[in-house]
Amino acid sequence: MESKKFQRTREDFTCEKCGVAVRGNGYTNHCPQCLWSKHVDIFPGDRREMCRGLMEPIATEKKGKEYIVLHRCIECGFERKNKIADGDNFDTAKEITAKGYNV
Ligand SMILES: [Zn+2]
Ligand SMILES: [Zn+2]
């Protein structure tokens, strides 16, 4: 049986958009500086997606106390919402909000 549960994968990676070295905490799959992500998951955390396209943060949304960022893959157009975590660059999030559309 396929498990759709979130799988925690702790990994460090280098952002392919801005080049910053990201220390993985097992939850965040996007760059804390530019907030770009990568299309690597079929289900969150599984890293089984073969697309591997960069995912652009195209919009943000405030849900209660949480901020959500909408990522869209520049290769295949797949969209996924992600939580903005503590330590992410909120100035970048505000810029996305300013130029983006509401989710
Ligand atoms: Zn980056
Ligand atoms: Zn993709």
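Some notes on this structure:
- Here the 3J(HN,Hα) profile of the stretch 77-84, calculated from phi with Karplus coefficients 6.51, -1.76 and 1.60 at θ = phi - 60°, is x, 4, 10, 8, 8, 10, 6, 7 Hz, Gly and Pro shown as x.
- Sequentially through the stretch 33-46, phi angles give Karplus couplings (6.51, -1.76, 1.60; θ = phi - 60°) of 8, 9, 6, 6, 10, 9, 7, 10, 10, 7, 10, x, x, 7 Hz, Gly and Pro residues having no value and appearing as x.
- Taking 7 Å steps out from each Cα toward its Cβ at M50 and D86 produces label points 4.0 nm apart.
- Per-pair calculated FRET efficiency, R0 = 30 Å: A98 and I42 via Cβ, rounded to 0.05: 0.40
- Computed from backbone phi with θ = phi - 60° and the Karplus coefficients 6.51, -1.76 and 1.60, the 3J(HN,Hα) list for the stretch 56-61 is 7, x, 9, 6, 10, 8 Hz; x is used for glycine and proline.
- Three semi-axes of the equivalent ellipsoid, the stretch 13-99, Cα gyration tensor, whole Å, largest first: 19, 14, 13
- Mean Cβ count within 10 Å, highest first, over the residues of peptides 80-93, 30-43, 11-24, 48-61: 30-43, 48-61, 80-93, 11-24
- Amide H to amide H, with H built 1.01 Å from N, A59 comes under 5 Å of L70, counting only residues 5 or more places away or on other chains.
Values quoted throughout were computed directly from the atomic coordinates according to the rules given, and no laboratory measurement underlies them. All of these numbers come straight from a predicted model, not from anything done at the bench. Heads up, the Cβs are rebuilt from the backbone with ideal geometry, glycines too, and the neighbour counts pull from every protein chain shown.
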